[in-house]
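Engineer: Pasting a structure below so you can have a look.
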Amino acid sequence: MCAIDDIRLVERGLYRQDHSAFIKSCPEFPRDTHVLHVDYVYTPDERLLLWAEQHREVIKQLSVLYAGHGVGDSERIRQSEKNWSFDTAYTRIPDPENIQQVGVEITKFLSRADSRTDPVILFFDSISIMLQYVSLDTAVQFTEQCLASLEQFAAGGQFYFAPAVHDEETVDVIESLFSE
């Protein structure tokens, strides 16, 4: 198990029948943790529910940044926000290729959350899906910027990656970003 402020690449299998599998890779969260979950696949409703089921007692704020095509109406999210014991926020990036906007939203989240007083962690789901929308060079630049921001703001991060769907060169390049 990793510490809340670790930054790491988490490998996952090709198929994800269990939508809560990412929870098993989570570090143990201390009280008042701020979480940003960037997702390309699962709806914000699904993510909010999974987080609430597993970590309701320790999360102070959960922000979901959805960068996929499947969710158009955020009204359901706004309605369900009233049911949680933690603060929630939802941002939708309508174009998954707009990785610059994803980066801006991550930076805004990190600058709002104060890691000096509360733990902060980013979950990025996933680099493999991002690579369906942007080039490897763009994904590398984006990931390097994210890693630098996490270091700058003393925040943790977990970046999910499915090596089985990529060629060897891509796997080597992505893994090299997380080697020390």
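The values are calculated or read from the model by the stated rules, or taken from the named source; none is laboratory data. Please read these numbers as outputs of a predicted model, since none were measured by experiment. Note: ideal-geometry Cβ built from the backbone for every residue, glycine included; neighbour counts use all protein chains shown.
Engineer: How many residues are at pLDDT 65 or above and either under 27 Å from P94 (Cα atoms) or among the hydrophobic types (A, V, I, L, M, F, W, C) (or both) when one looks only at the stretch 11-42?
Structural biologist: Let us first name the residues in the stretch 11-42 that are at pLDDT 65 or above, namely 11-13, 21-42.
The next check asks that each one be either under 27 Å from P94 (Cα atoms) or among the hydrophobic types (A, V, I, L, M, F, W, C) (or both); those that pass are 11-13, 21-23, 26, 29, 34-42.
Qualifying residue count for the region: 17.
Engineer: If we keep just the residues of the stretch 121-134 that are of a type in the set (S, T, N, Q) and crowded, with 17+ Cβ neighbours inside 10 Å, which is farthest from F109 (Cα to Cα)?
Structural biologist: S128
Engineer: Separate question: Is there a residue in the stretch 163-179 that is buried (at least 18 other Cβ atoms within 10 Å of the Cβ) and closer than 12 Å to F124 by Cα?
Structural biologist: Going through the stretch 163-179, the residues buried (at least 18 other Cβ atoms within 10 Å of the Cβ) turn out to be 163, 170, 174.
In the following step, the residues that additionally are closer than 12 Å to F124 by Cα were identified as none.
No: zero hits.
Engineer: So which residues in the stretch 135-151 are surrounded by fewer than 17 Cβ atoms within 10 Å (Cβ to Cβ), of a type outside the set (D, E, K, R) and either within 16 Å of R12 (Cα to Cα) or in contact (Cβ under 8 Å) with a residue 12 or more places away in the chain (or both), if there are any at all?
Structural biologist: L136, T138, Q145, L147
Engineer: Another question about this same structure. Pairs, please: C-beta under 7 Å, at least 6 apart or cross-chain, first residue more than 30 Å from Q132 (Cα to Cα) and in the stretch 38-59, second assigned to a strand (DSSP E or B)?
Structural biologist: Close Cβ pairs (under 7 Å, with a partner that is assigned to a strand (DSSP E or B)) amount to V58/T33; I59/T33; I59/V35.
Engineer: Scan the stretch 42-59 residue by residue and report those that are basic (K, R) and crowded, with 17+ Cβ neighbours inside 10 Å.
Structural biologist: Once the filter is applied, which keeps residues that are basic (K, R) and crowded, with 17+ Cβ neighbours inside 10 Å, the stretch 42-59 yields only R47.
Engineer: Against the conditions (1) out of contact with any helix residue (DSSP H, G or I) (no Cβ under 8 Å at 6 or more places or on another chain); (2) in contact (Cβ under 8 Å) with a residue 24 or more places away in the chain; (3) surrounded by fewer than 20 Cβ atoms within 10 Å (Cβ to Cβ), where does F109 fall short? Just the number, please.
Structural biologist: Condition not satisfied by F109: (3).
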